[in-house]
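Reading through the structure tokens given below for one structure.
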Amino acid sequence: MALRSIITTKRAVCNWSRHHQATVVKLKAQKLTPIVQACFYSNKEAVPRPSQANSSYKVLIVGGGSGGNAVAAKFASLGKKCAVVEPSDLHYYQPIWTLVGAGLKGFQASVEPTRKVLPNSVDWIQDKAVKFDPQNNTVELGSGEKVEYDYLVVAMGIQLDYDKVDGLMEALEEDPAVASNYHPRWVNKTFPAMQNFEGGNAIFTFPNTPIKCAGAPQKIMYLAEEFFRKTGVRDDSKVIFNTSLGVIFGVKKYADALQKVIQSRNIQVNYRHNLVSVDHKNRTATFAKLDEDNELVPFEYNFLHVTPPMSSPDVLKTSPLVNETGYVDLNKHTLQHTKFSNVFGIGDCTSLPTSKTAAAIASQCGIVHKNLSAVMEGKKATPMYDGYTSCPLITGSNKCILAEFDYDLAPLETLPINQGVERRLAYGMKAYLMPEIYWNVMMKGKWNGPATFRKILHLGMSKSPKLQA
């Protein structure tokens, strides 16, 4: 029986891999990338500039991730009057890590050298910010260099606090059954852990903090549950989602759709459960029940996927730029700082009360460009951002619920069809179209989100709320 089970598992894994390799080959044959060449601004690579004692720029962008790079591409025409502070040699397209973790994409599809992504016309300062002094318009770097600016864009992303969960780092290092799709070091552990799973408790977590891509903790759960069915171990398994939230998703339309998925696939959801410790030697994860005086409840695990606590980067928490939550304090409609008019922010490090996603950053990027350009010309920033964000909720290897919504948690859908149901089209967009747009359009400063397409597809009748500064 054991031998038969192993053979069945290997066949299922091979069929899974062959299916998706064939799909990739078919899509490549369609040559979907010509849009890229029309938007490509240079075939030269960015080169880090030499360290200096002091420097000065018209526009300084701190952070070279999704938001920082997209804004830099928008201001590439400023040349060496614009600089990006980014210490990393590598740039990651993190939204695809759900598919990497599930064995549906290779890790190499998610990474490019920073030198190939940053616009080569601007200065690349390969260092990290260690102090912000907005009263004097300066940023201090790790090397000791002080950089003066006329205008500042803060795009530092969000910090992963794995160390806030007792024993988690050791578990990630030593236990092959513990994985996390949120880090380049750990995402490649997920699929092998799924392959080695022979039954028992498969636990997926959601922390009691803001996180980037709030749908990702359950996306990998649906993909793993599907894989367990394909490999014949689902009947001997419990798939458990322990979330600190009180709902499965914040937008009711999509929450209702996800509840149907959960019920049909016999997934156990424990609300208001926050992971506080992992004992990998005894394979036990302990959760605090947030509505019951943090009563501790241990769960045995045979597979554990952890979404770590997250927070604003430490250097921002101690700066004058943040509010009481530690995030850069912005006007939510103009993206201009509430105290320092020459400072703007974008993405996960900001106080904007919307889901932290690449889709949100794409919409924010165009607004930062327009409003910062206006302020540079002596004009006022205009309220433009409605909180648009998107979360493609993958529920299987060819199914996805494409959630799009605004600050009010009201659906703001681009396609003229009901996006609150599982569709192959939505999966294809997530797996194949969106990465193309990211690398070849958004990172070239040519993508401001789908608002224009939404208006066209809805024959000009999509809602345009009146915003106030």
Counting only residues that are in a strand (DSSP E or B) and either out of contact with any helix residue (DSSP H, G or I) (no Cβ under 7 Å at 6 or more places or on another chain) or open to solvent by less than 10 Å² (accessible area, probe 1.4 Å) (or both), which one in the range 324-340 is nearest to residue 364 (Cα to Cα)?
-> 330
Quick count over the range 277-288, residues being among the β-branched types (Val, Ile, Thr) and surrounded by fewer than 20 Cβ atoms within 10 Å (Cβ to Cβ), is 2
Candidates 116, 80, 58, 105 - the one that is open to solvent by 10 Å² or more (accessible area, probe 1.4 Å), basic (Lys, Arg) and in a strand (DSSP E or B) = 58
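Looking at this structure, is residue 445 modelled with pLDDT of 90 or more, under 21 Å from residue 393 (Cβ atoms) and open to solvent by less than 40 Å² (accessible area, probe 1.4 Å)?
Judged against the criteria, residue 445 is not a match.
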Residue among 269, 297, 247 that alone is open to solvent by 20 Å² or more (accessible area, probe 1.4 Å), in contact with a His (Cβ under 8 Å, 6 or more places away or on another chain) and without any contact (Cβ under 8 Å) to a residue 40 or more places away in the chain = 297
Determine whether the range 143-158 contains at least one residue that is of a type in the set (S, T, N, Q), more than 25 Å from the chain's Cα centre (by Cα) and at pLDDT 95 or above.
-> yes
Close pairs from the range 431-458: first farther than 21 Å from residue 419 by Cα, partner among the hydroxyl-bearing types (Ser, Thr, Tyr) and surrounded by 18 or more Cβ atoms within 10 Å (Cβ to Cβ), Cβ under 6 Å, at least 6 apart = 438/93
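Kindly evaluate residue 343 against the criterion of being within 25 Å of the chain's Cα centre (by Cα), hydrophobic (A, V, I, L, M, F, W, C) and open to solvent by 10 Å² or more (accessible area, probe 1.4 Å).
Working: within 25 Å of the chain's Cα centre (by Cα): yes; hydrophobic (A, V, I, L, M, F, W, C): yes; open to solvent by 10 Å² or more (accessible area, probe 1.4 Å): no.
When the stated conditions are applied, residue 343 does not pass them.
Step by step: first the residues of the range 300-323, then only those that are assigned to a loop (DSSP other than H, G, I, E, B) and open to solvent by less than 10 Å² (accessible area, probe 1.4 Å), then the one that is farthest from residue 237 (Cα to Cα). Which residue is that?
So in the range 300-323, the residues assigned to a loop (DSSP other than H, G, I, E, B) come out as 301-302, 306-309, 312-313, 318-321, 323.
In the following step, the residues that additionally are open to solvent by less than 10 Å² (accessible area, probe 1.4 Å) were identified as 301, 306-308, 312, 321.
Details: 301: 11, 306: 18, 307: 21, 308: 24, 312: 37, 321: 48 Å.
Out of the qualifying residues, it is 321.
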For the range 102-126, pairs from a residue that is within 19 Å of residue 52 (Cβ to Cβ) to a residue that is charged (D, E, K, R) and crowded, with 20+ Cβ neighbours inside 10 Å, with Cβ under 7 Å and 6 or more apart or across chains, are 124/86; 126/86
Looking only at the range 322-381, which residues are farther than 23 Å from residue 447 by Cα and of a type in the set (Ser, Thr, Tyr)?
-> 325, 327, 338, 341
Restricting attention to the range 227-237, does a residue exist that is in contact with a strand residue (DSSP E or B) (Cβ under 8 Å, 6 or more places away or on another chain), open to solvent by less than 20 Å² (accessible area, probe 1.4 Å), within 19 Å of residue 399 (Cα to Cα) and modelled with pLDDT of 95 or more?
-> yes
Taking the range 417-439 only, how many residues are over 18 Å from the mean Cα position of the chain (by Cα) and either under 15 Å from residue 358 (Cβ atoms) or at pLDDT below 95 (or both)?
-> 0
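Residue 121: in contact with an Asp or Glu (Cβ under 9 Å, 6 or more places away or on another chain), over 23 Å from residue 350 (Cα atoms) and among the polar types (S, T, N, Q), yes or no? Quick ask: steps written out before the conclusion?
Details: in contact with an Asp or Glu (Cβ under 9 Å, 6 or more places away or on another chain): no; over 23 Å from residue 350 (Cα atoms): yes; among the polar types (S, T, N, Q): yes.
So residue 121 does not fit the description; no.
For residue 249, indicate whether it is over 18 Å from residue 402 (Cβ atoms) and in contact with a helix residue (DSSP H, G or I) (Cβ under 8 Å, 6 or more places away or on another chain).
Values: over 18 Å from residue 402 (Cβ atoms): no; in contact with a helix residue (DSSP H, G or I) (Cβ under 8 Å, 6 or more places away or on another chain): yes.
No.
Regarding the range 357-370, can at least one residue be identified that is part of a loop (DSSP other than H, G, I, E, B), under 21 Å from residue 313 (Cα atoms), open to solvent by 20 Å² or more (accessible area, probe 1.4 Å) and in contact with a strand residue (DSSP E or B) (Cβ under 6 Å, 6 or more places away or on another chain)? So that I can check it myself, show each step before the final result.
Of the range 357-370, the ones part of a loop (DSSP other than H, G, I, E, B) are 357.
Right, trim to under 21 Å from residue 313 (Cα atoms) and you get 357.
From what is left, the residues that are open to solvent by 20 Å² or more (accessible area, probe 1.4 Å) are none.
No, the range 357-370 contains no residue that is part of a loop (DSSP other than H, G, I, E, B), under 21 Å from residue 313 (Cα atoms), open to solvent by 20 Å² or more (accessible area, probe 1.4 Å) and in contact with a strand residue (DSSP E or B) (Cβ under 6 Å, 6 or more places away or on another chain).
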Kindly indicate whether residue 208 is in a strand (DSSP E or B), surrounded by fewer than 24 Cβ atoms within 10 Å (Cβ to Cβ) and either within 20 Å of the chain's Cα centre (by Cα) or not aromatic (Phe, Trp, Tyr) (or both).
-> no
Taking the range 371-399 and keeping only residues that are out of contact with any Pro (no Cβ under 8 Å at 6 or more places or on another chain), part of a loop (DSSP other than H, G, I, E, B) and not β-branched (Val, Ile, Thr), one is left with 377, 378, 379, 380, 381, 383, 384, 385, 388, 397, 398
All but one of (1) at positive phi; (2) loosely packed, with under 14 Cβ neighbours inside 10 Å; (3) modelled with pLDDT of 95 or more hold for residue 31; which doesn't?
-> (3)
Going through the range 138-158 in order, the residues found to be more than 20 Å from residue 329 (Cβ to Cβ) and assigned to a loop (DSSP other than H, G, I, E, B) are 142, 143, 144, 145
For the range 254-288, name all the residues that are over 27 Å from the mean Cα position of the chain (by Cα) and either part of a loop (DSSP other than H, G, I, E, B) or over 27 Å from residue 390 (Cβ atoms) (or both).
-> 266, 279, 280, 281, 282, 283, 284
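The values are calculated or read from the model by the stated rules, or taken from the named source; none is laboratory data. Remember, predicted model here, so these are calculated numbers, not experimental data. Reconstructed Cβ throughout: ideal geometry from the backbone, glycine too, with neighbour counts over all protein chains shown. Note: areas computed on protein heavy atoms with side chains; ligands, DNA, RNA excluded. Shrake-Rupley method; radii C 1.70, N 1.55, O 1.52, S 1.80 Å.
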